[in-house]
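Structure record follows, encoded as structure tokens.
Bear in mind these aren't lab numbers, they're just calculated from the coordinates by the rules spelled out. Since the structure is predicted, the reported quantities are computational estimates derived from the model, not experimental observations. Quick reminder, even Gly has a Cβ in these numbers, built from the backbone with ideal geometry, and neighbours come from all protein chains shown.
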Amino acid sequence: MCRRKERKVVLNMLNVAVIMGRLTADPELRYTPNDVPVTTFTLAVERSFSRNGDRQTDFLDVVAWRQTAEFVCKYFTKGQMMAVNGSIQTRTWEDKQGNKRKSVEIQADNVSFTGSKRETQGGGDYSGVSSYGGEGRSYSEPALKEPAAAYSSGDTGDFEEILTDDDLPF
């Protein structure tokens, strides 16, 4: 007699948050009692849909730690566009009146510049720096010398129609 072997299925959970928005205030660097750098900031993020032509905005709280916090505070200012990749976390705490409260925040793993070059000038010298991604990992890309080509202004005269009855090779 054969015995059927049972298989245990393990489902992995997924917690990934990717947002892009504008800083509502200049980020401020603070330190924990153990001297770990931390900053919290809020991004104003437009929703991808609109009602009656009016877009709504969500104000999302973000927390960055260690080198990521230092990077944010050094290179970003109020109004700048920023992309954040991280995870959603909740924490519970007690307010001054003893009421239990719950906060939902995005813990930043990676932050990147997303605004135009003109927008990012004035915040510091970050030529060659495009983003920072935590725990001693730094990602750098050379600054672009020229803007990328824009094809929206081209015309159809740039293309030639090829008429053939042959089968397509794919």
| field | Anisotropy class of region 15-73 from Cα gyration tensor, a/c 1.5 cut | value | prolate
| task | Just rank Phe41, Phe49, fewest to most, by other beta-carbon atoms within 10 angstrom. | result | Phe49, Phe41
| Sorted by Cβ neighbour density within 10 Å, fewest at the top, the residues Lys74, Lys96, Lys102 | Lys96, Lys102, Lys74
| remark: Length-normalised contact order of region 1-61, Cα under 8 Å, at least 6 apart, in percent, tallies to 24
| request: Would you mind ranking Trp93, Trp65 so that the residue whose beta carbon has the fewest other beta carbons within 10 Å leads the list? | output: Trp93, Trp65
| Under-5 Å amide H pairs with Gly79, H placed in peptide plane, nonlocal only | Leu23, Thr24, Ala25
| remark: Karplus ³J(HN,Hα) for region 99-113 (6.51 cos²θ - 1.76 cosθ + 1.60, θ = phi - 60°; Hz, whole; x = Gly/Pro) runs 7, 6, 10, 10, 10, 10, 9, 9, 8, 6, 9, 8, 10, 9, 6
| query | For labels at Lys8 and Asp95 in the simple 7 Å Cα→Cβ model, what's the distance in nm? | reply | 4.4
| For region 43-55, Karplus couplings with θ = phi - 60° (6.51, -1.76, 1.60), whole Hz, Gly/Pro x | 10, 8, 10, 6, 6, 7, 10, 9, 10, 6, x, 9, 7
